[in-house]
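Peer 1: Take a look at the following structure, please.
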Amino acid sequence: MSKVENISEEKEVLDQGENLLSKLALEAELADYSPVKGCMVIRPYGYAAWEQVRDALDKMIKDTGHQNAYFPLFIPESFLKKEAEHVEGFAPECAVVTYGGGKELEEKLVVRPTSETIINYMFSKWVQSYRDLPLLLNQWANVVRWEMRTRLFLRTTEFLWQEGHTCHATKEEAEEETIKMLGVYKKLSEEYLAIPIVDGLKTESQRFAGAVTTYCIEGLMKDGKALQMGTSHYLGQNFAKAFETKFQDQNGELQFVHQTSWGVSTRLIGALIMTHHDEKGLKFPPRIAPIQIVIVPIYKTDVEKEMVLKKCKELEESLKENFRIKIDDRDQYSPGWKFNHWEFKGVPIRLNLGPKDISNNVVEIVRRDTLEKLRGIPQEGLLQYLIKLSTEIQENLFRQANDFKNKNTEFVASEKEFIEKITTTPGFLVSFWCGSSSCEDHIKEKTKATIRCIPFNTPDCQNIPVDQMKKEGYCIVCNKDAKQKVIFAKAY
RNA sequence: CGGGGCGUGGCUCAGCUUGGUAGAGCAUCUGCUUUGGGAGCAGAGGGUCGCACGUUCAAAUCGUGUCGCCCCGACCA
């Protein structure tokens, strides 16, 4: 068994602010280090969480008219070079295969860092007429990016993700798609992961290599650092031109398609960990939790054991249609041990069931989000009670995270104030920015904070009510006129 | 690639300064008692101390080299 079971270990988990992510991920058995540096093994419990995210998102992707497909892992090196910005952005972090079948390859193969190029190669064959558009595809895949520094779930050399790739006849339609899918990500994050986000536009320096515009959703982790949780790109005709992805329009004219691409990854599991946890461990939101309800039987004698387990199985039967549920009937652990164990693993609801409960026809329920103990809940109508409770926990986790985000989002009007805030209380800082990359770089060099995005809507701020925030102001760095507010933060 | 730290039973670490037969806690196994918030007692198994070379009568300990990992910076979903 894992070391979670050791009290001193758990205390260690609490103390290590910096290592919290890896501690939680390792001790809760979500992931483990692999023999290859920078890579991780996703263990069954962690993978089950990813499957929940994946299934929820997959449905939304299909509901918005996309189809899944699969493109190969290997990309001819020449493909990557076709789009100038793209190759410049990705070349340094590409893994390249030079040998196969015992021979040096004639053309090197890049292990995909993302699939725009190979997909466009195929698109150019498939798209002929305006009648072939829009072409709306998605793929679930692994990608490899040779990062210098890695962290479990947040940045690993290989990671799992989905990448959507679409072709449209017009700029407007492609831009609409870009925003639509960003909205899907926002919904996934807020309604399933219970993580509030800020959505907006990336500045030029943070734009995807090869895109015209990049939009993103940004979350604020419990340690005050921002995390980019998803991106959606309007690619314009950049890749279409590089790969000759053209169609004949209604007038018989040949046109380049307008494209989008968008993705979220296993990083979302990292976001989940870094958003929902306390000193007792993880807190899974019910809609994503691999196990939503755990039943802990309590008994002394063999006779009691038999009776209690029978009742547990009855309850499981009556609930399993609606919940992912598990009975922890292991004999070698005491009930108290199991309470702590499942709390650490973040199971949202626990049912304690012992002889006393059985004779009273009740159960004891403990909710993970508040650790509140609900005694004497009637077995009659339990299903409805749990459905309601589950919704409540889901909403409460979002509310807590949202309160945290709002409390740690502040407006600053000057560089001096900015520096003071970012060093003392990390979080989102909203401020005016003139739009020049030199001012952006200046802040980055001084504070390590970057512009996370130009938000669609100014987020609620701790110190200034939204309705009082001005539309125009002065850049915190150069003091020139600024017509936009941006969100700064230190980021993962 | 720079700076810092660490490699000793499954896990967390002590021992190293000042060389002299490898330790603790947790975990595991057996037995009995236990079980509503991390159970107790008794017993047992398990490590050529990352690797290599060197110094020495003798190396976990000293020296040189090497490999790996973690943390901090430069790159990024």
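Peer 1: Please work out which one of (1) buried (at least 20 other Cβ atoms within 10 Å of the Cβ); (2) modelled with pLDDT under 95 is the condition A:Glu163 fails and give its number.
Peer 2: The number of the failed condition is (2).
Peer 1: I would also like to ask the following. For region A:204-281, list the strands (runs of 3 or more DSSP E) that sit wholly inside it and hold at least 2 residues that are in contact with a helix residue (DSSP H, G or I) (Cβ under 6 Å, 6 or more places away or on another chain) and in contact (Cβ under 8 Å) with a residue 12 or more places away in the chain; which are they? Quick ask: steps written out before the conclusion?
Peer 2: Values: elements: A:213-220, A:226-236, A:246-248, A:254-256, A:258-265.
Hits in region A:204-281: A:213-220, A:226-236, A:258-265.
Peer 1: If you don't mind, there's one more thing I want to ask. Report, by residue number, each residue of region A:296-314 that is away from RNA strand B (no atom under 11 Å from the Cβ) and crowded, with 20+ Cβ neighbours inside 10 Å.
Peer 2: Within region A:296-314, just A:Cys312 meets the criteria.
Peer 1: To continue, here is another question. Within region A:322-332, how many residues turn out to be hydrophobic (A, V, I, L, M, F, W, C) and not in a loop (DSSP other than H, G, I, E, B)?
Peer 2: 2
Peer 1: Among the helices (runs of 4 or more DSSP H) confined wholly to region A:372-489, which include 3 or more residues that are modelled with pLDDT of 95 or more and assigned by TED's automatic domain parsing to the domain that holds A:Ile358? Let's see the steps before the verdict.
Peer 2: On the way: elements: A:382-407, A:415-424, A:437-447.
Counting at least 3 such residues, we get A:382-407.
Peer 1: Does A:Leu193 fit the bill of being within 9 Å of RNA strand B (Cβ to nearest atom), in contact with a helix residue (DSSP H, G or I) (Cβ under 6 Å, 6 or more places away or on another chain) and in the same structural domain as A:Ile273 (by TED's automatic domain parsing)?
Peer 2: Spelling it out, it is not the case that A:Leu193 is within 9 Å of RNA strand B (Cβ to nearest atom), in contact with a helix residue (DSSP H, G or I) (Cβ under 6 Å, 6 or more places away or on another chain) and in the same structural domain as A:Ile273 (by TED's automatic domain parsing).
Peer 1: Of the numbered conditions (1) more than 12 Å from RNA strand B (Cβ to nearest atom); (2) in a strand (DSSP E or B); (3) surrounded by 23 or more Cβ atoms within 10 Å (Cβ to Cβ), A:Pro286 fails exactly one; give the number of that condition.
Peer 2: The failed condition is (2).
Peer 1: Still on this structure: Check A:Lys446, A:Lys421 and return the single one that is basic (Lys, Arg) and in contact (Cβ under 8 Å) with a residue 12 or more places away in the chain.
Peer 2: None of the other options fit; the residue is A:Lys446.
Peer 1: Could you run through region A:157-191 and say how many residues are within 21 Å of A:Gln139 (Cα to Cα) and within 16 Å of the chain's Cα centre (by Cα)?
Peer 2: 16
Peer 1: Something else about it: Which of the residues belonging to region A:300-357 are over 21 Å from A:Ala48 (Cβ atoms), of a type in the set (Val, Ile, Thr) and modelled with pLDDT of 95 or more?
Peer 2: Listed by number, the list holds a single entry, A:Val308.
Peer 1: Only one of (1) assigned to a helix (DSSP H, G or I); (2) surrounded by fewer than 20 Cβ atoms within 10 Å (Cβ to Cβ); (3) in contact with a Leu (Cβ under 6 Å, 6 or more places away or on another chain) fails for A:Thr117. Which number is that?
Peer 2: (2)
Peer 1: Please determine, by comparing only the residues of region A:333-356 that are of a type in the set (Gly, Ala, Ser) and assigned to a loop (DSSP other than H, G, I, E, B), which one is nearest to the chain's Cα centre (by Cα).
Peer 2: A:Gly346
Peer 1: Is it the case that A:Met229 is assigned by TED's automatic domain parsing to the domain that holds A:Leu160, modelled with pLDDT of 95 or more and crowded, with 16+ Cβ neighbours inside 10 Å?
Peer 2: yes
Peer 1: Have a look at A:Arg287, A:Arg324, A:Arg267, A:Arg330 and point out the one that is of a type in the set (Lys, Arg) and in the same structural domain as A:Met229 (by TED's automatic domain parsing).
Peer 2: On inspection, the qualifying residue turns out to be A:Arg267.
Peer 1: Shifting gears a bit: Being of a type outside the set (Gly, Ala, Ser) and assigned to a strand (DSSP E or B) is the requirement here; does A:Glu190 meet it?
Peer 2: Against the criterion (of a type outside the set (Gly, Ala, Ser) and assigned to a strand (DSSP E or B)), A:Glu190 does not qualify.
Peer 1: Checking A:Val36 against (1) within 13 Å of RNA strand B (Cβ to nearest atom); (2) touching a residue at least 60 places away in the same chain (Cβ under 8 Å); (3) part of a helix (DSSP H, G or I): exactly one of these is not met. Which one?
Peer 2: Of the numbered conditions (1) within 13 Å of RNA strand B (Cβ to nearest atom); (2) touching a residue at least 60 places away in the same chain (Cβ under 8 Å); (3) part of a helix (DSSP H, G or I), the odd one out for A:Val36 is (3).
Peer 1: Oh, and also: Hey, could you check region A:341-374 for residues that are polar (S, T, N, Q) and more than 9 Å from RNA strand B (Cβ to nearest atom) and say which is surrounded by the most Cβ atoms within 10 Å (Cβ to Cβ)?
Peer 2: That would be A:Thr370.
Peer 1: Which ones in region A:52-97 are among the charged types (D, E, K, R), away from RNA strand B (no atom under 16 Å from the Cβ) and in contact (Cβ under 8 Å) with a residue 40 or more places away in the chain?
Peer 2: A:Asp58, A:Lys82
The values are calculated or read from the model by the stated rules, or taken from the named source; none is laboratory data. Worth saying up front: this structure is predicted, and the values here are computed from it rather than measured. Because the Cβ atoms are built from the backbone with ideal geometry, glycine has one as well, and the counts that use them run over all protein chains shown.
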